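Down below is the structure, laid out as structure tokens.
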Amino acid sequence: MRETLLDIALVVGILGSSAVITQLFARTMYLTCWRCHTLNARRRIQCRKCGANLRSEAQPGRN
Ligand SMILES: [Zn+2]
């Protein structure tokens, strides 16, 4: 019984932490379009769906 509870706690912990990691990963690796809310790879300049400019602010260290 105790092992079953531990297994459940482990599964819940893994699922919860993977959800958090996925969120962090998505925020780090992707930009959300301000116009249509599509996720775009961070290297993109324009939204792949609506073509909105994803880099309105100047990027220091580039060009
Ligand atoms: Zn867009």
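The values are calculated or read from the model by the stated rules, or taken from the named source; none is laboratory data. Since this is a predicted model, take the numbers as computed values, not measurements. All Cβ positions, even for glycine, are placed from backbone atoms using ideal geometry, and neighbour counts span all protein chains on display.
For the range 1-39, how many residues are assigned to a helix (DSSP H, G or I) and within 13 Å of the chain's Cα centre (by Cα)? Working first, answer last.
Step one: of the range 1-39, the residues assigned to a helix (DSSP H, G or I) are 2-29.
Filter once more, so that each one left must be within 13 Å of the chain's Cα centre (by Cα): 18-29.
Residues that pass the stated criteria total 12.
Residues Cys50, Cys33: which one is modelled with pLDDT of 95 or more and within 16 Å of the ligand (Cβ to nearest atom)? Step through it out loud before you land on a result.
Numbers: Cys33 fails: modelled with pLDDT of 95 or more.
Going through Cys50, Cys33 in turn, the sole match is Cys50.
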TODO: Output the number of residues of the range 36-47 satisfying the condition of being under 19 Å from Leu24 (Cα atoms), exposed (fewer than 13 other Cβ atoms within 10 Å of the Cβ) and more than 8 Å from the ligand (Cβ to nearest atom).
DONE: 3
